[in-house]
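These notes concern the structure reproduced below.
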Amino acid sequence: MASPAAALNETVRRALAEDLGDPDLDLARDVTTSSSVPAGRRGRARLFAKSVGVLAGVACAEAAFRALDPDCGVEVLRRDGVAFATGDDVLLVEGSMRALLAAERTALNFVQRLSGVATLTRRFVDAVAGTGARILDTRKTTPGLRALEKAAVVAGGGHNHRFGLFDQVLLKENHFASARPTAFEDVVRRCAAGLEAPVVVEARTLDEAVLAVRGGAGVVLLDNFEPGDALRAAVAAVRGAAAAAGRTVETEASGGVRVETVRAFAECGVDRVSIGALTHSAPAVDLSLLVEDAS
């Protein structure tokens, strides 16, 4: 598997190639800029915020400029995870004017999208402050951008759930479809005994939650429980079953969680709340890039 830096650079190169219509990133393919800006012209660019938010994706913007002008000078003024206000500068870059103009949209697309993820995550994190509950993402990510979006969740103060299918067992409703109702615990036990990866089990009822613990689950995901007495009872049942087995088992709430309701979920005593909207529904943050002549 490629290193995170190599993967980021490759993702940015693919985005630039998509925009230029050329895998070799030939600046001449930008027909507007190549016909209006002399080849030797130098420029300065300022990436700045036009709204409030939490920053993420700055390395993507830097990579976009360096991919088209390896000799450009980049000054990063704010790092991922930092809150910004309208008018705050994020990054300054000086180099080939043609490269700056060709990289502009790709750089902005990454920073706006990823800062949107970080900003929405921070709203959820702030909403549960003091409860002890952690905010987690899911695999509901943009294809090809999972690593970047999950990094943006962390920048916003959240935590990552499993990265993919390979690093954690997550037994959901469909995995139990072929099992008899009485075999729920057996399916969990088989996974817990045969694999080293952590076992997370989705439970739709209090009975399933207890069976998940008895089968060896490390986390019980209480799916689509409304905040209130039923969720509190499920959390208490999981803890009771875990104590009887001499183990510690975490509880997770998931399904239908909004910023307005997340604290109510957290106050039911769950250890973590997973939210697909962090990555699949985060609105982009408004940033802009201004370029001026530096020749």
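The values are calculated or read from the model by the stated rules, or taken from the named source; none is laboratory data. Note that the structure is predicted; figures quoted are calculated from it, not measured. Quick reminder, even Gly has a Cβ in these numbers, built from the backbone with ideal geometry, and neighbours come from all protein chains shown. Remember, those area values only see protein heavy atoms, side chains included, never the ligands or the DNA or RNA. Shrake-Rupley method; radii C 1.70, N 1.55, O 1.52, S 1.80 Å.
Things to note:
Every residue, every condition in (1) touching a residue at least 12 places away in the same chain (Cβ under 8 Å); (2) open to solvent by 80 Å² or more (accessible area, probe 1.4 Å); (3) over 17 Å from ALA245 (Cβ atoms), yes or no:
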{"residue": "LEU171", "(1), (2), (3)": "yes, no, yes"}
{"residue": "HIS175", "(1), (2), (3)": "yes, yes, yes"}
{"residue": "SER178", "(1), (2), (3)": "no, yes, yes"}
{"residue": "VAL188", "(1), (2), (3)": "yes, no, no"}
{"residue": "GLU196", "(1), (2), (3)": "no, yes, yes"}
{"residue": "GLU202", "(1), (2), (3)": "yes, no, yes"}
{"residue": "VAL210", "(1), (2), (3)": "yes, no, no"}
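- Residue match in the stretch 223-234 (condition: crowded, with 17+ Cβ neighbours inside 10 Å and in contact with a Ser or Thr (Cβ under 7 Å, 6 or more places away or on another chain)): yes
- If the condition is being surrounded by 14 or more Cβ atoms within 10 Å (Cβ to Cβ) and either within 23 Å of ALA203 (Cβ to Cβ) or not polar (S, T, N, Q) (or both), then the stretch 137-151 contributes ASP137, THR138, ARG139, LYS140, LEU145, ARG146, ALA147, LEU148, GLU149, LYS150, ALA151.
- Applying the condition of being open to solvent by less than 20 Å² (accessible area, probe 1.4 Å) and in a helix (DSSP H, G or I) to the stretch 246-278 and asking which residue is farthest from PRO198 (Cα to Cα) yields VAL262.
- Test for THR141: is it more than 16 Å from the chain's Cα centre (by Cα), under 26 Å from THR261 (Cβ atoms) and among the β-branched types (Val, Ile, Thr): no
- Residues of the stretch 152-168 that turn out to be of a type outside the set (Phe, Trp, Tyr) and surrounded by fewer than 21 Cβ atoms within 10 Å (Cβ to Cβ), as a count: 9
- Flag if ALA28 is over 22 Å from the mean Cα position of the chain (by Cα), over 28 Å from ALA152 (Cα atoms) and aliphatic (A, V, I, L, M): yes
- Subset of the stretch 10-50 (residues that are open to solvent by 20 Å² or more (accessible area, probe 1.4 Å), closer than 14 Å to GLU104 by Cβ and part of a strand (DSSP E or B)): ARG44, ARG46, PHE48
- Condition met for ALA243 (open to solvent by 60 Å² or more (accessible area, probe 1.4 Å), out of contact with any strand residue (DSSP E or B) (no Cβ under 6 Å at 6 or more places or on another chain) and within 30 Å of GLY87 (Cα to Cα)): no
- In this entry, THR119 is excluded by the filter for residues that are more than 30 Å from ASP26 (Cβ to Cβ), surrounded by fewer than 17 Cβ atoms within 10 Å (Cβ to Cβ) and out of contact with any helix residue (DSSP H, G or I) (no Cβ under 8 Å at 6 or more places or on another chain).
- The stretch 51-102, residues that are outside any loop (DSSP other than H, G, I, E, B), in contact (Cβ under 8 Å) with a residue 60 or more places away in the chain and surrounded by fewer than 21 Cβ atoms within 10 Å (Cβ to Cβ): GLU94
- Exclusive hit being farther than 18 Å from ARG134 by Cα and of a type in the set (Asp, Glu), set ASP223, ASP229: ASP229
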